[in-house]
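**Student:** Below are the structure tokens for one structure; questions will follow.
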Amino acid sequence: MSGNKRRKKRILIVDDDELMRELLEKTLVNAGFRASSVPNGLKLVACLEVARPDLILLDIHMSWIDGFELCRLIHQMPEYRSIPIIFISGRHDDETIKYGRSCGAVDFIAKPFDLIDLIRRVKIHLRLEPALDAQAVNAD
């Protein structure tokens, strides 16, 4: 059964707040994920080429490009459009959440958040990913 060992899911955190990146990275690693982080969208684009994440946690307000535009950009690239993106933001009114979903996010977590809830929601979306990929293949 050693050949059937599952690989740890890779989570990429994109947030310009260094303390938030460190907290999320440590929390995700302790929960059994491979986690890494970058401070902005420019670094995210470079990271996608090196190691494709299984899920992206994305802040909305950042320098260079905001999370909404970044989410749209990722979904325009066929090789990355199936990566689930969860927004994490202090801005969480209904209009912002609706707009985030229209940009392609699968979920929206409001800051401040409960770390246990964050892990639960990440796990939910990682379980959904293979089903969504199968739907995308069947739709083509």
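The values are calculated or read from the model by the stated rules, or taken from the named source; none is laboratory data. The structure presented is a predicted model; accordingly, all values stated were derived computationally and were not measured. Backbone-built Cβ (ideal geometry, glycine too); neighbour counts: all protein chains shown. Ligands, DNA and RNA are excluded from the accessible area calculation, which covers all protein heavy atoms including side chains. Shrake-Rupley method; radii C 1.70, N 1.55, O 1.52, S 1.80 Å.
**Student:** Based on Cβ point charges of +1 for Lys and Arg and -1 for Asp and Glu, what charge dipole magnitude is obtained for the chain about its Cα centre, in debye rounded to the nearest 20?
**Tutor:** Using only the charged Cβ atoms, the result is roughly 780 debye.
**Student:** Enter the accessible area per residue of the stretch 44-89 (Å², integer; probe 1.4 Å; all protein chains in place).
**Tutor:** 40 Å²
**Student:** Next question. Any chance you could run the full-extension gain for Leu126 through Asn40? It's 0.36 nm times the residue separation minus the Cα-Cα distance, nm to one decimal. Don't jump to the answer; show the numbers that get you there.
**Tutor:** Values: separation 86, 0.36 × 86 = 30.96 nm, distance 2.28 nm.
Gain in length upon complete extension: 28.7 nm.
**Student:** Given a 1.4 Å probe and every protein chain left where it sits, what share in percent of the accessible area of the chain is carbon and sulfur?
**Tutor:** Answer for the chain is 54 percent, counting heavy atoms of protein chains only.
**Student:** Compute, for the stretch 10-73, the length of the dipole vector about the Cα centre, with Cβ point charges of +1 (Lys, Arg) and -1 (Asp, Glu) only. Units Debye, rounded to 20.
**Tutor:** 320 debye
**Student:** If you work out Rg/Rh (Cα atoms, Kirkwood Rh) from the coordinates, which of (1) 1.35; (2) 0.95; (3) 1.29 do you get?
**Tutor:** Answer label, from the structure shown: (2).
**Student:** Which residue, Met77, Met20, Met62, tops the fluctuation ranking in a GNM of the chain built on C-alpha contacts under 10 Å?
**Tutor:** Met77
**Student:** Okay, moving on. Counting Lys +1, Arg +1, Asp -1, Glu -1, what net charge surrounds Gly100 among other residues with beta carbon under 13 Å of its beta carbon?
**Tutor:** Net local charge, Gly100 excluded: -3.
**Student:** Okay, next question. Select from Ile86, Ile65, Phe33 the residue farthest towards the positive end of the dipole of the stretch 1-109; place +1 on Cβ of Lys and Arg, -1 on Cβ of Asp and Glu, and compute about the Cα centre.
**Tutor:** Value: Phe33.
**Student:** Another question about this same structure. At 1.4 Å probe size, what's the solvent-accessible area of Arg81? Round to the nearest 10 Å².
**Tutor:** 120 Å²
**Student:** What shape does the stretch 58-113 take by its C-alpha gyration tensor, where a ≥ b ≥ c are the square roots of the eigenvalues and a/c under 1.5 counts as rounded, a/b above b/c as prolate, and the rest as oblate?
**Tutor:** Taking the square roots of the gyration eigenvalues as a ≥ b ≥ c, the stretch 58-113 is prolate.
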